[in-house]
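Rule-based calculations on the coordinates, nothing more; no lab input. Just so you know, these numbers come straight off a predicted model, no measurement behind them. All Cβ positions, even for glycine, are placed from backbone atoms using ideal geometry, and neighbour counts span all protein chains on display.
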Amino acid sequence: LCPQGQLLAKSWSSLFERQAGAALRGPIYSFNGRNVLTDPLWPRRLAWHGSTPRGGQARRRDCQGWRSSGPGEGLAAPLGEGRLLAGQRHNCSEA
């Protein structure tokens, strides 16, 4: 469940095994209560994860342990696609 009480997925594994194009079941809220999928503060709507499609660590693709906003790369997935470990490379300086 999400902090607001909505069901996000039926199981932990279903978050990662969905087919392309599958949508999440409910809104996703940031720590300050904003709906990430609709709030203009979140224009990119990416889940930054730095993981391989099987869930392992993608070396050198995690913006130096999420401490750097420099020229490196991190892996992220668009939230609306339902495949959270789909690895698309993004520059660490992206918001």
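Can you list the residues, at least 5 places off or on another chain, whose amide H is less than 5 Å from the amide H of ASP62, using H built in the peptide plane?
Excluding prolines and chain starts, which carry no amide H, there are no hits.
Given labels modelled 7 Å from the Cα in the Cβ direction, how far is it in nm from PHE31 to GLN88?
Simple spin-label model gives 2.5 nm for this pair.
Given the Cα-Cα distance of ASP39 and ARG54 and 0.36 nm per residue of separation, how much length would full extension add, in nm? Don't skip to the end; give the middle numbers.
Values: separation 15, 0.36 × 15 = 5.40 nm, distance 2.99 nm.
Stretched out fully, the ASP39 to ARG54 stretch lengthens by 2.4 nm.
Add +1 for every Lys or Arg and -1 for every Asp or Glu among the other residues with Cβ under 12 Å from the Cβ of VAL36, and state the total. Numbers along the way, then the final one.
Values: positive: ARG34, ARG44, ARG45; negative: ASP39.
The answer is +2.
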